[in-house]
1. What does the accessible area per residue of segment 50-105 come to in Å², with a 1.4 Å probe and no ligands, DNA or RNA counted?
2. Where the only charges are on Cβ atoms (+1 Lys, Arg; -1 Asp, Glu), what is the dipole of segment 60-128 about its Cα centre, to the nearest 20 debye?
3. With the convex hull built on the Cα atoms of segment 46-152, state its orientation-averaged projected area in nm².
4. Separation of segment 74-90 and segment 106-164 by C-alpha centroid, Å?
5. Bin all alpha-carbon pair distances of segment 111-171 at 10 Å intervals from 0 and give each bin's fraction as a whole percent.
6. Just how large is the dipole of segment 96-158 about the Cα centre, in debye to the nearest 20, putting +1 at every Lys and Arg Cβ and -1 at every Asp and Glu Cβ?
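The values are calculated or read from the model by the stated rules, or taken from the named source; none is laboratory data. Keep in mind that what you see is a predicted model, and the values were worked out from it rather than measured. Note: ideal-geometry Cβ built from the backbone for every residue, glycine included; neighbour counts use all protein chains shown. Just the protein is used for accessible areas: all its heavy atoms, side chains included, with ligands, DNA and RNA removed. Shrake-Rupley method; radii C 1.70, N 1.55, O 1.52, S 1.80 Å.
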Amino acid sequence: MRRLTAVLLMFLTLTACGGGDEVPEPPTQEAAHVTPAPVRPAPVKGSSLSCGAAKVVFPAMPEGMAREGSFTRLRSLSRPLRVRGVTWRESDEEVRVGVVCGVRTAEQFATLVSRSSLTVYRGRPALRWNSRGGLRNFMWLERPGTAVYIATTPGLATEIRPIAAGVTMAP
């Protein structure tokens, strides 16, 4: 009885998986004239920046953005700290991502930018502010010594959250 059951199960499995002797139909003339789908451009890669051993990996930037350059200074900071960042641009729109190195405590971080709003991001202290150039700025203390910085022009302000959500720390 077990052998009969095993044979029936195997037969049902083969027929369910299309294991029969089906022969594919030859292509019709319509199929021969189908044009291939257009090739999508490869997604723009993000960046990785570090503060010593702490490596921050940023996600791909919004479509159409091209890497334009780097920066090593944020005028909004109340004290001189080491900054490493990358600028992405498309027409008049700009995205800036970076790391600010050297802030060790939440207290130091909270006073880092005057006229900023203190908030929380992922359970960590975060700052929001607008700069004179019109940039919308967002920064959070990822770990002692490493703060993550994102800024956009007003037209891309809605991209700050998705970019921040894609930031990871490399092991």
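1. On the way: 3050 Å² over 56 residues.
Ligands and nucleic acids excluded, the result is 54 Å² per residue.
2. Numbers: 13 positive and 7 negative charges, 105 e Å.
Its charge dipole is roughly 500 debye.
3. Average of the hull's projected areas for segment 46-152 equals 6.4 nm².
4. Centre-to-centre (Cα) distance: 11 Å.
5. For segment 111-171, the pair-distance distribution reads 21, 55, 22, 1.
6. Details: 9 positive and 2 negative charges, 19 e Å.
My answer is approximately 100 debye.
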